[in-house]
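Trainee: I'd like to ask some things about the structure below.
The values are calculated or read from the model by the stated rules, or taken from the named source; none is laboratory data. Predicted model only: the values in this text are computed from it and were never measured. So basically every Cβ, Gly included, is an ideal-geometry build from the backbone, and we count neighbours across all protein chains shown. Accessible surface is based on the protein model in full, side chains and every heavy atom, while ligands, DNA and RNA are left aside. Shrake-Rupley method; radii C 1.70, N 1.55, O 1.52, S 1.80 Å.
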Amino acid sequence: MKKVAIPLLVCLLIVIISCKNENNSIDKDLAINSSTANTKVTSIEDKVSALLSKMTLEEKIGQMNQYNGFWDLTGPAPKEGDAAKKYEHLRKGYVGSMLNVRGVKEVRSVQKIAVEESRLGIPLIIGFDVIHGYKTLTPIPLAESASWDLAAIKTSAEMAALEASASGINWTFAPMVDISRDARWGRVMEGAGEDTYLGSKIAEARVKGFQGEDLSTSNTIVACAKHFAAYGFAEAGRDYNTADIGISTLNNVVLPPFKAAKDAGVRTFMNSFNELNGIPATGDKYLQRDILKEKWNFDGFIVSDWGSITEMIAHGHAKDGNHAAELAANAGSDMDMESYLYVNELAKLVKEGKVKEAVIEDAARRILRVKFELGLFDDPYKYLDEAREKEITGSKALNDAALDMAKKSIVLLKNEKQLLPLKKEGQKIAVIGALASDKTSPLGSWRIAAEDNSAVSVLEGLSAYKGNTITYAKGADVVIGEPNFTTEVKINTTNKTEFGKAVTIAKNADVVIMVLGEHGFQSGEGRSRTELGLPGVQQELLEAVYKANKNIVLVLNNGRPLTINWADQNIPAIVEAWQLGTQSGNAIAQILYGDYNPSGKLPMSFPRDVGQVPIYYNYKNTGRPSLPGPDVVFWSHYQDEKNEPLYVFGHGLSYTTFKYSNIKVKNSYKGSKEVTVSVTLTNTGNYRGKEVAQLYIRDMYASVTRPVRELKGFELVELNPSESKNIEFVLTEKELGFFNNQNEFIVEPGDFKVFVGGDSKANLELKFTL
Ligand code: BGC
C-alpha cells in the first residue's frame, strides 16, 4: 500500500475545517498525523480508520452515494428539485462521488462545497466515461484492440488519463472488459472483442495506462473494470437482456479479463445491468463478495451501474427501493450510481438490522482508501489547474498519439489487383459515401467531452496528398438528421436521389474510394441490431457504383463486425477503419497511400450471416463436427450457410507478406513446467511491415471439453523485406490449464496440439503431450 505524507496544503485545509468546527476531533487527529509525518509515517489504513471513527452513520453512507452532474445522460433525468437536494447533500457530506461533472471550473465548484462546506471536508472522487480518450479521441476500444499492440493501447490510456485529469476528472469508468461473441450487441465497440486471452492482456494494458505507477500523481486516474459480470452475454445481443451461462463459460471466458484487471491493480469495478442465472449482478453476492472481494481479495470498491440498484425492482428481484438497497449493499455493491437509494434507505436498514453497520463501514473504508491513494486528502484541488487544462486539452502530443493509435487499429481485410496502396500521382480518384465527409461519426458514441464535427474526415485526410485529382459525391445519407447520444438513430432507407452523381464521378475515375458502414451512433449502449449488413441504402449504392467502376476500395466505418459477403466477393480492396476518433481521416489516408503499412488483426469474427451469431473461433467441436458422408444431414451445420465466418478472428493483411516455418516444441513441462514453442517468421514481400504472430493450442481431450483452438500467445514483430526472426512462446500452467466445473483451476495430462500463424486458422502445427 502506498504511503502518503500529509503536506502543507492539507494542513491548511485542516485548519480551515477546524475553524469551522472546533469540537471536531478528526481534524486534530489528522493534524497530529501531519505534524508527526517526519518521524512516523501513517499508513493509509490508519488514516482511513481515524477518519471513519469520526464519521456518523449518515456520513459513511454518504461516501456510498454518487450523483450525476445536474443533467441527464445514460439514464432517467433527475426530477425537478433534485439539483437543490444534491447541493444540500454535498454540504451535509452525503455525497462521496459525482459523475459527469467535467472541466476544472465545474469540478472545482462541487469539490469546493464538499471540502469547504461539509463537516469533515472529505473530497469527492470525480468519475467520467473516459472510454477512448476524453476530448481528443482515440479509436473505439474494439478498434484499438485490433492493433494487438499492448504498448500502444497502454499509451492511449495514459494519454486519455492525462487529458481527463487536466479537466478535473480522477476516475474513469473504463476499461470495459466484457467478452462478447455477439455482434448484434451494440457495446462490442467498447470492449476488446471475443477472446479471453487477448481481452485479458488488453485489460491489463488499459488499467496500467490509466492508473500509471502512482495514482497520487495528478496525471493518472483510477480505472474501473466493468461490467461485472457477463453483460456481454446478453441473450440475442439485445442490450440489458438476461445472461444465462454455465459455470465453465463464467470461469474460463467471462471472468479472466476481470481477474487480469484486478491483478494489474485496478481500484474499482462496476457491476452490470444484466441478471446472471436469475440474479441481477448488482444484487449478486456470489459475484461481488464471494469471488471479487474474498477469492480475489479485491480491496478497492464496486460502483453500481447507472440506476442498477433500482432496476432490481423491474427485474423482479427486489420488492421496492428499500429492499433493493438492502440486497445491493449486502451483496457488496459499495457505491450507488444514481438510484438515490443508499442515501435514502440505508440508515433505516441499518437501524432495522437488515444491513449490518459493518457492511457500511467496509464500503466506506474501501471508497476512502481509494481517495487517499489518489492523494485527494493531500490536495483535493490537485486536478484543478486551469493553466494545465488549457495547455493539455487537445494538445499536439495528444493528437499525435491518437493518430498513431488510429493507424495501428486499421485492418486490411482484402487487397486484390494490388489496388492498395494507392499511387500518389496522376490518378483520378472518386470518393463516395456520406461517411467520407463526416466529422462527427468517427468519434463513436462514447464521446461526451468531444465536440461535434471535431474529427478529421476521410476527405480532409486525403486532401493532404496533392498529386491526385479528387472528386466527391455522398451518394446517399446513412442517417437522417443529426444523431445524438440519447435518442434513437434514424437510418435513410429510401432516399437514393444522389446515387446518379456518385455513379457519374465513379465512371470517370481510375479508382473509387467508398466510405460506407455504420454511423458512430449506431453502436454503443442501447444500440443493438438484428441485421448486420451495410445500413440503409448503402449496399444498393455500392452495387450501383460497382456497375460503373470495379476498381473500388471499400473503407468500412463501423463499431461491430458487419456481414459483407457481397463486398468480399466483388470488391477488390476492403479496409476496416472502424470509428477511429479525432484523427480518423489522416490515419485512413496514410494507410491508403501506403505511408503506413497496415498491421491490425480482427479481434472479433466477421459472420457471413447474422444467423451464425454468436460466432467465435474458440467454439467446441461437438460430437458431429463434420460431414459423415455425401449428402448426409446429421451433422452440426446450417442448411443454407457455411459454419465458418467470412473473416476469422485474428485475420488481417499487410502490404507485404509473411511466411511461418520451422515450428519446434521443447517440452520441459515435467521439469520446469514449461513448454516452449518456436517458429521462424520471414517477411517475404516488398515492404517493411508488422505481423502479429499468433499461437493457439488445443487440449485434445479433457474432463471438461476444451475449445477447438485457444489463443495463448502473440507477438507483434516488425521486419524488413527478406528479414527473418525466430519467435519463442512459452506456455506455462496458466496457458495450459482451465477451470473445471468445481471452480478449480487444473492442468490435465494428455495430448495437445499447438498452431502458429497469422490468424486463428493458423496451420503450422505440432503435437505435444503433458
Ligand atoms: C453504462 C456504464 C457507464 C455509466 C455511466 C451506464 O449506462 O452502462 O458503462 O459507465 O452509464 O455513464
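Trainee: Of the residues that make up the range 493-514, is at least one within 16 Å of the ligand (Cβ to nearest atom), closer than 26 Å to A573 by Cβ and touching a Lys or Arg at 6+ places or on another chain (Cβ under 9 Å)? Don't jump to the end; show me each part of the working.
Mentor: The first filter runs over the range 493-514 and keeps only residues within 16 Å of the ligand (Cβ to nearest atom), leaving none.
No, the conditions are met nowhere in the range 493-514.
A quick yes/no check of all residues on (1) assigned to a loop (DSSP other than H, G, I, E, B); (2) surrounded by fewer than 24 Cβ atoms within 10 Å (Cβ to Cβ); (3) assigned by TED's automatic domain parsing to the domain that holds M337:
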site	(1), (2), (3)
V115	no, yes, yes
I153	no, no, yes
S180	yes, no, yes
A192	yes, no, yes
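Trainee: Here's another thing I want to ask about it. Need at least 1 residues that are open to solvent by less than 10 Å² (accessible area, probe 1.4 Å) per element, so show me which helices (runs of 4 or more DSSP H) inside the range 326-409 make the cut, counting only ones lying wholly within it. Spell out the reasoning first.
Mentor: Values: elements: 341-351, 357-374, 386-392, 396-409.
The helices (runs of 4 or more DSSP H) meeting that bar are 341-351, 357-374, 396-409.
Trainee: Just to be sure before I move on: is T249 among the hydroxyl-bearing types (S, T, Y), away from the ligand (no atom under 16 Å from the Cβ) and touching a helix residue (DSSP H, G or I) at 6+ places or on another chain (Cβ under 8 Å) in the structure I sent?
Mentor: Working: among the hydroxyl-bearing types (S, T, Y): yes; away from the ligand (no atom under 16 Å from the Cβ): yes; touching a helix residue (DSSP H, G or I) at 6+ places or on another chain (Cβ under 8 Å): yes.
Answer is yes for this residue.
Trainee: Would you point out the residue of the range 168-196, among those that are more than 13 Å from the chain's Cα centre (by Cα) and within 16 Å of the ligand (Cβ to nearest atom), that is farthest from I392 (Cα to Cα)?
Mentor: Checked the range 168-196; the qualifying residue farthest from I392 (Cα to Cα) is W185.
Trainee: Which number in (1) touching a residue at least 40 places away in the same chain (Cβ under 8 Å); (2) farther than 22 Å from T249 by Cα marks the one condition that L736 misses?
Mentor: The single condition L736 does not satisfy is (2).
Trainee: Return the only residue of V553, V489 being touching a residue at least 60 places away in the same chain (Cβ under 8 Å) and under 26 Å from A455 (Cα atoms).
Mentor: On the way: V489 fails: touching a residue at least 60 places away in the same chain (Cβ under 8 Å).
It is V553.
Trainee: Within the range 121-151, restricting attention to residues that are outside any helix (DSSP H, G or I) and acidic (D, E), which residue is nearest to the ligand (Cβ to nearest atom)? Spell out the reasoning first.
Mentor: From the range 121-151, those outside any helix (DSSP H, G or I) are 121-140, 146-149; that's our starting set.
Still in the list and also acidic (D, E): 129, 149.
Values: D129: 5, D149: 25 Å.
By that ranking, first place goes to D129.
Trainee: Limited to the range 301-320, what total is found for residues that are more than 16 Å from the ligand (Cβ to nearest atom) and within 18 Å of D334 (Cβ to Cβ)?
Mentor: Filtering the range 301-320 down to residues more than 16 Å from the ligand (Cβ to nearest atom) leaves 313, 316-320.
Checking the rest, the ones that are also within 18 Å of D334 (Cβ to Cβ) come to 318.
Of the residues in that region, 1 qualify.
Trainee: While we're on this one: Could you please let me know if A243 is more than 16 Å from the ligand (Cβ to nearest atom), under 22 Å from N741 (Cα atoms) and in the same structural domain as I126 (by TED's automatic domain parsing)? Full working, then the answer.
Mentor: Working: more than 16 Å from the ligand (Cβ to nearest atom): no; under 22 Å from N741 (Cα atoms): yes; in the same structural domain as I126 (by TED's automatic domain parsing): yes.
No, not satisfied.
Trainee: With respect to the numbered conditions (1) within 27 Å of the chain's Cα centre (by Cα); (2) free of Cβ contacts under 8 Å to residues at least 40 places away in the same chain; (3) within 15 Å of M64 (Cα to Cα), which one is the sole condition not fulfilled by M312?
Mentor: (3)
Trainee: Further question: What's the number of the condition T220 fails, among (1) more than 16 Å from the ligand (Cβ to nearest atom); (2) open to solvent by 40 Å² or more (accessible area, probe 1.4 Å)?
Mentor: Condition (2) is where T220 drops out.
Trainee: Quick check: is even one residue across the range 156-168 open to solvent by 10 Å² or more (accessible area, probe 1.4 Å), hydrophobic (A, V, I, L, M, F, W, C) and modelled with pLDDT of 95 or more?
Mentor: Yes; the residues of the range 156-168 include at least one that is open to solvent by 10 Å² or more (accessible area, probe 1.4 Å), hydrophobic (A, V, I, L, M, F, W, C) and modelled with pLDDT of 95 or more.
Trainee: With the structure loaded, tell me whether R238 is open to solvent by 10 Å² or more (accessible area, probe 1.4 Å), within 16 Å of the ligand (Cβ to nearest atom), over 13 Å from the mean Cα position of the chain (by Cα) and not small (G, A, S) or whether it fails that test.
Mentor: Working: open to solvent by 10 Å² or more (accessible area, probe 1.4 Å): yes; within 16 Å of the ligand (Cβ to nearest atom): yes; over 13 Å from the mean Cα position of the chain (by Cα): yes; not small (G, A, S): yes.
Against the criterion (open to solvent by 10 Å² or more (accessible area, probe 1.4 Å), within 16 Å of the ligand (Cβ to nearest atom), over 13 Å from the mean Cα position of the chain (by Cα) and not small (G, A, S)), R238 qualifies.
Trainee: Moving on to the next point. Going residue by residue through the range 609-623, is there one that turns out to be more than 25 Å from L412 (Cα to Cα) and modelled with pLDDT under 95?
Mentor: No, the range 609-623 contains no residue that is more than 25 Å from L412 (Cα to Cα) and modelled with pLDDT under 95.
Trainee: When you go through G75, G69, G96 one by one, which is the residue that is modelled with pLDDT of 95 or more and within 16 Å of the ligand (Cβ to nearest atom)? Lay out the reasoning, then the answer.
Mentor: Values: G75 fails: modelled with pLDDT of 95 or more; G69 fails: modelled with pLDDT of 95 or more.
Exactly one residue qualifies, and that residue is G96.
Trainee: Just wondering, is there one or more residues in the range 428-447 that are modelled with pLDDT of 95 or more, under 23 Å from the mean Cα position of the chain (by Cα) and among the β-branched types (V, I, T)? Lay out the reasoning, then the answer.
Mentor: If we filter the range 428-447 for residues that are modelled with pLDDT of 95 or more, which is where we start, we get 428-444.
After this cut, where a residue has to be under 23 Å from the mean Cα position of the chain (by Cα) as well, the list is 439-444.
From the residues that got through so far, the ones that are among the β-branched types (V, I, T) too are 440.
Yes, because at least one residue in the range 428-447 is modelled with pLDDT of 95 or more, under 23 Å from the mean Cα position of the chain (by Cα) and among the β-branched types (V, I, T).
Trainee: Being at pLDDT 95 or above and closer than 25 Å to T657 by Cα is the requirement here; does I552 meet it? Walk me through how you get there before you give the answer.
Mentor: On the way: at pLDDT 95 or above: yes; closer than 25 Å to T657 by Cα: yes.
So I552 passes the test.
Trainee: Here's another thing I want to ask about it. So in the range 291-303, with the set limited to residues that are under 25 Å from the mean Cα position of the chain (by Cα) and free of Cβ contacts under 8 Å to residues at least 40 places away in the same chain, which one is surrounded by the fewest Cβ atoms within 10 Å (Cβ to Cβ)?
Mentor: First, the residues of the range 291-303 that are under 25 Å from the mean Cα position of the chain (by Cα): 291-293, 295-303.
If we keep only those that are free of Cβ contacts under 8 Å to residues at least 40 places away in the same chain too, we end up with 291, 293, 295-298.
Details: I291: 22, K293: 21, K295: 11, W296: 15, N297: 8, F298: 23.
Selected residue: N297.
Trainee: For the range 308-325, what are the residues that are hydrophobic (A, V, I, L, M, F, W, C), in a helix (DSSP H, G or I) and touching a Leu at 6+ places or on another chain (Cβ under 7 Å)?
Mentor: The initial filter retains those residues of the range 308-325 that are hydrophobic (A, V, I, L, M, F, W, C), namely 309, 312-314, 318, 324-325.
From what is left, the residues that are in a helix (DSSP H, G or I) are 312-314, 324-325.
Residues satisfying the conditions are M312, A324, A325.
Trainee: Can you tell me which condition Y687 does not meet? The list is (1) free of Cβ contacts under 8 Å to residues at least 60 places away in the same chain; (2) open to solvent by 70 Å² or more (accessible area, probe 1.4 Å), and all the others hold.
Mentor: Of the numbered conditions (1) free of Cβ contacts under 8 Å to residues at least 60 places away in the same chain; (2) open to solvent by 70 Å² or more (accessible area, probe 1.4 Å), the odd one out for Y687 is (1).
Trainee: Additional query: If you go through the range 266-300, how many residues are within 16 Å of the ligand (Cβ to nearest atom) and in contact with a Gly (Cβ under 6 Å, 6 or more places away or on another chain)?
Mentor: Adding up the residues that qualify gives 2.
Quick grid of which residues meet (1) buried (at least 24 other Cβ atoms within 10 Å of the Cβ); (2) at negative phi; (3) assigned to a loop (DSSP other than H, G, I, E, B); (4) in contact (Cβ under 8 Å) with a residue 12 or more places away in the chain:
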| position | (1), (2), (3), (4) |
| --- | --- |
| K208 | no, yes, no, yes |
| L215 | no, yes, yes, yes |
| K226 | yes, yes, no, yes |
| L250 | no, yes, no, yes |
| P257 | yes, yes, no, yes |
| G265 | no, no, yes, yes |
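Trainee: Looking at this structure, is V489 in a loop (DSSP other than H, G, I, E, B) and in contact with a Lys or Arg (Cβ under 8 Å, 6 or more places away or on another chain)?
Mentor: In short, yes.
Trainee: Would a scan of the range 701-718 turn up a residue that is open to solvent by 40 Å² or more (accessible area, probe 1.4 Å), within 30 Å of T622 (Cβ to Cβ) and among the aromatic types (F, W, Y)?
Mentor: yes
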